[in-house]
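The values are calculated or read from the model by the stated rules, or taken from the named source; none is laboratory data. Because the structure is predicted, anything quoted here is derived from the model rather than measured. Here the Cβ is made from the backbone with ideal geometry for all residues, glycine too, and neighbour counts use every protein chain on show.
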Amino acid sequence: MVKHNILQKLGAAPDIKINKLGERVHDATGTGTGVFVWAETVRGAAIAGTANGAKGKPNQQVAEEASEMFASNIRCCAAVDEHLQDQLIIFMALAAGHSEMLAGPLTMHTQTAIYVCQQLLGVKFSVSMLPNGNCMVACNGVGWENKQI
């Protein structure tokens, strides 16, 4: 039975549904495991945590790692996690008008994406550090339009 201690420490009594997915042995590329913990807030935001197994790593440890990542993303109270923030930078730079996102501490990938977009597109990003360690990232995009659509 999977323990939900990490999630319960968040002060929630989560309605946990476990979906086991697997491939047939001859279709699988390996014998690894993976855990994806996902939740939707009352305001519609999606929060997740993931972890991959490895040879010799107990499944319980994989579940705990995914739950820890999930809990960390909840505690951060940011709208965007470390895996999404760098991907949104290009869309902010290309969009028309002003864009903002509330992110946790910026990753090196995000800082690099900001630098590259500023160099290639001539846009200016501003990053404001908030007292809780999060960042507000803002940009006035170039207003690119796909004429093929």
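Side notes on the structure shown:
- Residue match in the stretch 32-39 (condition: in a helix (DSSP H, G or I), more than 30 Å from G143 (Cα to Cα) and among the aromatic types (F, W, Y)): no
- Filter result for A48 (in a strand (DSSP E or B), aliphatic (A, V, I, L, M) and assigned by TED's automatic domain parsing to the domain that holds K20): yes
- Between G56, G22, the distinction of being at pLDDT 80 or above, exposed (fewer than 10 other Cβ atoms within 10 Å of the Cβ) and farther than 28 Å from V80 by Cβ belongs to G56 only.
- Taking the stretch 51-81 as the range and being assigned to a loop (DSSP other than H, G, I, E, B) and under 24 Å from K17 (Cβ atoms) as the test, the residues that pass are G53, K57, P58, D81.
- Look at the stretch 72-92: where a residue is in contact (Cβ under 8 Å) with a residue 40 or more places away in the chain and a partner is part of a loop (DSSP other than H, G, I, E, B), sitting 6+ places away or on another chain with Cβ atoms under 6 Å, you get I74/L10; C76/G104; A78/G104; A78/N134.
- Summed over the stretch 93-107, residues that are without any contact (Cβ under 8 Å) to a residue 40 or more places away in the chain and either hydroxyl-bearing (S, T, Y) or touching a helix residue (DSSP H, G or I) at 6+ places or on another chain (Cβ under 9 Å) (or both) total 7.
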